[in-house]
1. Given (1) surrounded by fewer than 18 Cβ atoms within 10 Å (Cβ to Cβ); (2) basic (Lys, Arg); (3) under 21 Å from the mean Cα position of the chain (by Cα), identify the lone condition not met by Lys115.
2. Counting only residues that are touching a strand residue (DSSP E or B) at 6+ places or on another chain (Cβ under 7 Å) and surrounded by 19 or more Cβ atoms within 10 Å (Cβ to Cβ), how many does the stretch 220-232 have?
3. Considering the stretch 78-128 alone, what residues qualify as being in a loop (DSSP other than H, G, I, E, B) and of a type in the set (Phe, Trp, Tyr)?
4. Which residues, taken from the stretch 407-441, are of a type in the set (Phe, Trp, Tyr) and either loosely packed, with under 14 Cβ neighbours inside 10 Å or touching a Ser or Thr at 6+ places or on another chain (Cβ under 7 Å) (or both)?
5. Checking the structure you have, find out if any residue of the stretch 197-212 is under 29 Å from Ala329 (Cα atoms), within 15 Å of ligand 2 (Cβ to nearest atom) and among the aromatic types (Phe, Trp, Tyr).
6. Filtering the stretch 228-261 down to residues that are assigned to a helix (DSSP H, G or I) and more than 19 Å from Glu8 (Cα to Cα), which residue is nearest to ligand 1 (Cβ to nearest atom)?
7. Identify the residue in the stretch 292-316 that is closer than 24 Å to Phe64 by Cβ and among the basic types (Lys, Arg) and, among all such residues, is surrounded by the fewest Cβ atoms within 10 Å (Cβ to Cβ).
Amino acid sequence: MAYRDMREWIAALEREGELKKIAACVDWDGEIGAITRKVFTGRGPALLFENIKGYQGGRCTKLFTGGLASRSRVAMMLGLPRETRFAEIVAEMRRRLQRPMPPVEVDDGPVKEHKLVGPEVNLLEFPVPKWHFRDGGRYINTWCCVITRDPETGVLNAGLYRGQILDRNKIGVLLVGFQHWGIHFAKYRHLNRPMPVAIAYGLDPVMVPVAASPVQNVCEFDIMGGLRGEPVELVRCETSDLMVPVHAEIVVEGVIPVDEATYQREGPFGEYTGYYGESLERPVIHVNCITHRTDPIFRGTLEGQKPRTVGKPSEPNESTRVISALDSAITWNILEQHGVPGIQEVVAGVTTFVRIKKMYRGHAKQVASALWGSGAAVYLYKNVVVVDEDIDVNDLRSLEWAFSYRVNAAENDIVVLPGSPGSPLDPSIRYHDRNEVAYGAGKWHRLLIDATINWDYPRVSEWDYAVYPPLATDVDQQSEKLVEERWGEYGI
Ligand SMILES: Cc1cc2nc3c(=O)[nH]c(=O)nc-3n(C[C@H](O)[C@H](O)[C@H](O)COP(=O)(O)O)c2cc1C
Ligand SMILES: [Mn+2]
């Protein structure tokens, strides 16, 4: 069963006690961000702000956030029981990812209820928070689908790319060259034509996570349909041939001029790394139309997050819950599509863990090169750790044991791929190399730690022609049986 729109989703969350409506008057400037941070850190409910300073009685009075900031709500998103475990969520996502469902086109629908064009456009009519106090301004694009079309192939793409309000009709964006809309933008630059863009806010819950995940070789709308189990309904934009979800709360339409002289300062912004991303002169969306539902609900989120550090609890965000599951499912499927056998478990991220049933020498290198060669590698797989099938990738002591006794650095266990394109937001990259406008990407020296048993080593006769000695924790069968039989006598 799919949620038709964000309103159905909010109603479902309320029924399950997963939503809090906030009637107190709150400020978009700092206060909403601080409340959301506290609720995310305390693993609290989704939030619907209904009384925002300066936005009572205007065009848009409500803001929804945190819809997917818990595992139980991610399970609900898929129509699974709320207590479904992470590994089962990943397994279900993998199955549904393999059954894409193309969208259907409709002529009209809720998002067309109100249309604003030209001078009627004013982004400041929406209650967009300043999420993190050092942000360069109010970030309107934090949880939305940014839609573009490849001018050569005609294929639509939906991504989630941050955007800052610069003016009543301008949004500054971080447009990375090797993201899909970055590839589109390079083609528009070649054609010397502005790139049409549409941004959809307030959607059913699966849409934004899919836009924010590295879906390859298939349109995100087909994947969303597969995850929902029902096709997405799309309607044509007013000012371009782009298509947008008809049940969106709000759609912003515009173009990005390709001339660098039109770039404006965007940033800083509190980023997924847990640090701020820097400001730079960046491309700008010139907004020429807004359509929205009656009494629209704006949707946004905090991006900054951080795991537990000394004396501080973990401070998660929505992406750490839902995107990590989708990234793991997509990564697992990429390995299978590349014909890499023996994959037992995948936990994907900037540091990615893969558990394999090792079948031949070099198997772990095959895993890393399949991942590093993929288009999904933009924000993922900086470090890849491959372990044997007996190692629990979710347990630090288990990983530490593998690092300690199956890694010996100069024995081909450590592989570095220098100068690979990667995230421009990672502060472990030198400042000048984090310039995606100049380079189209950041600069990652990718690392493989092959923590599987090294098959380069000789098999020794002493241990029955195995590479490694037997486990000293094993007990011989005869003694085990004896102890079992006599257990009562020992009085232990
Ligand atoms: C909250 C959030 C904000 C994001 N902002 C950006 C961004 O500003 N620029 C970017 O390149 N990727 C950003 N991403 C990551 C992309 O959404 C992700 O890499 C996705 O795969 C992009 O779609 P694409 O593969 O179709 O290009 C963001 C992700 C999240 C969850
Ligand atoms: Mn894409």
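The values are calculated or read from the model by the stated rules, or taken from the named source; none is laboratory data. All figures in this text were calculated on a predicted structure; none of them were measured in a lab. Cβ sites come from the backbone with ideal geometry, for glycine too, and all protein chains shown count toward neighbours.
1. Single failed check for Lys115: (3).
2. Number of matching residues: 3.
3. Phe126
4. Of everything in the stretch 407-441, just one residue is of a type in the set (Phe, Trp, Tyr) and either loosely packed, with under 14 Cβ neighbours inside 10 Å or touching a Ser or Thr at 6+ places or on another chain (Cβ under 7 Å) (or both), namely Tyr431.
5. Checked against the condition, which is being under 29 Å from Ala329 (Cα atoms), within 15 Å of ligand 2 (Cβ to nearest atom) and among the aromatic types (Phe, Trp, Tyr), the stretch 197-212 yields no hits at all.
6. Going through the qualifying residues, I end up with Glu260.
7. Lys306
The rows are residues; the columns are (1) under 41 Å from the mean Cα position of the chain (by Cα); (2) surrounded by 11 or more Cβ atoms within 10 Å (Cβ to Cβ); (3) under 24 Å from Val367 (Cα atoms); (4) in contact (Cβ under 8 Å) with a residue 12 or more places away in the chain.
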position: Lys443; (1), (2), (3), (4): yes, yes, yes, yes
position: Leu448; (1), (2), (3), (4): yes, yes, yes, yes
position: Trp455; (1), (2), (3), (4): yes, yes, yes, yes
position: Ser461; (1), (2), (3), (4): no, no, no, no
position: Asp464; (1), (2), (3), (4): no, no, no, no
position: Leu471; (1), (2), (3), (4): yes, no, no, no
position: Asp476; (1), (2), (3), (4): no, no, no, no
